[in-house]
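Novice: I have a structure here, written as structure tokens, and I will follow up with some questions on it.
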Amino acid sequence: MDKLNPYTASFVLATAFVFTQSFQTATAAGCQVLSKETLEKKADPYDQSIRSAAQKYGVKEDLVKAVITVESCFKKTARGSSGEKGLMQLMPATARRFNLKNGYSAWQNVHAGTKYLSYLLARYDGDLSRTVAAYNAGEGNVRPGGKIRNHYYVSKVMSAYGKFRGGKSTPRLLKAKAETLTTSSKKRGKTSLKLTQADISVLPWSEKVKHRTADASKVRTSGFKVKPGYTVYEVMRQTGVPVKRLIRLNKLTLPYHLQAGQTLRLK
């Protein structure tokens with residue numbers, strides 16, 4: 001075999017070093033730092049499972065993909081130190097709770113994990129930040145309206161979520177402003193600061209409902225006719241009625257499927 005000349009050898013070694021360093025940086029930082037195109041390619045083999053589960057349980061596909069990004073980086077054979085398995089890395093107790101028999105089956109894993117997300121979205125009235133926090137820490141450690149302590153995990157999922165949504169990330173300034181407004185409203189019961197549509201757009205879903213401009217004809221009526229594609233979370237946004245109340249009034253059960261033309265009780 002011919003020997004490489006010194007210049008070629010140096011170039012090869014330098015290229016290998018840069019590649020290795022980049023890979024190690026991405027691995028250490030998390031899969032969410034990868035480009036949207038790379039993440040979509042990783043998600044491609046599981047599109048059918050993700051789409052099916054998202055439709056069945058009323059959860060956005062992009063949210064499911066974002067959680068998988070951070071939990072396993074789309075490695076279906078991934079295993080955590082506490083026995084978590086597969087794409088969505090459900091803890092053993094949670095896996096049993098949602099009837100996950102084979103953690104390494106992409107279809108079963110994604111459906112169980114998405115069903116859990118659906119449950120959490122209902123528990124936290126559609127509050128995405130607390131839903132994601134509880135997925136990681138367990139709902140026993142994240143009270144509705146309480147503090148979120150695993151901010152780093154939540155920020156990673158939100159970063160991936162923004163990429164899957166088309167790069168629509170939330171500006172840091174508006175994030176900070178929204179958090180201030182939310183804290184202010186909770187402490188004083190109301191806020192004297194004027195909310196703009198930009199401010200409202202970055203508030204948690206439960207806070208959006210409080211501050212949105214309501215359609216009086218919908219809020220005052222006792223029933224709401226479901227439109228095609230609507231989930232309980234969309235009905236909440238349209239009417240202002242909390243998800244938990246919608247579920248209780250209409251005796252809905254998981255996965256909270258709604259039929260177009262169905263009339264929901266609001267009172």
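The values are calculated or read from the model by the stated rules, or taken from the named source; none is laboratory data. Treat the numbers as computed from the prediction; the structure is a model and nothing was measured. With ideal geometry, Cβ positions are generated from the backbone for all residues, glycine too; neighbour counts draw on all protein chains shown.
Novice: crowded, with 17+ Cβ neighbours inside 10 Å, over 13 Å from Lys60 (Cα atoms) and in contact with a helix residue (DSSP H, G or I) (Cβ under 6 Å, 6 or more places away or on another chain), is that true of Ala112? Even if it seems obvious, please write down each step before you answer.
Specialist: On the way: crowded, with 17+ Cβ neighbours inside 10 Å: yes; over 13 Å from Lys60 (Cα atoms): yes; in contact with a helix residue (DSSP H, G or I) (Cβ under 6 Å, 6 or more places away or on another chain): no.
In short, no.
Novice: Check the range 57-65 and report whether any residue there is farther than 21 Å from Tyr153 by Cβ and either in a helix (DSSP H, G or I) or out of contact with any Phe, Trp or Tyr (no Cβ under 9 Å at 6 or more places or on another chain) (or both).
Specialist: Restricting attention to the range 57-65, the residues satisfying the condition of being farther than 21 Å from Tyr153 by Cβ are 57-58.
This time we only want the ones that are either in a helix (DSSP H, G or I) or out of contact with any Phe, Trp or Tyr (no Cβ under 9 Å at 6 or more places or on another chain) (or both), so: 57.
So far as the range 57-65 goes, yes, one or more of its residues are farther than 21 Å from Tyr153 by Cβ and either in a helix (DSSP H, G or I) or out of contact with any Phe, Trp or Tyr (no Cβ under 9 Å at 6 or more places or on another chain) (or both).
Novice: Of a type in the set (Lys, Arg), out of contact with any Cys (no Cβ under 8 Å at 6 or more places or on another chain) and crowded, with 19+ Cβ neighbours inside 10 Å, is that true of Lys56?
Specialist: Details: of a type in the set (Lys, Arg): yes; out of contact with any Cys (no Cβ under 8 Å at 6 or more places or on another chain): yes; crowded, with 19+ Cβ neighbours inside 10 Å: no.
So Lys56 does not fit the description; no.
Novice: Exactly one condition in (1) at pLDDT below 70; (2) more than 25 Å from the chain's Cα centre (by Cα) is not met by Gly229; state its number.
Specialist: (2)
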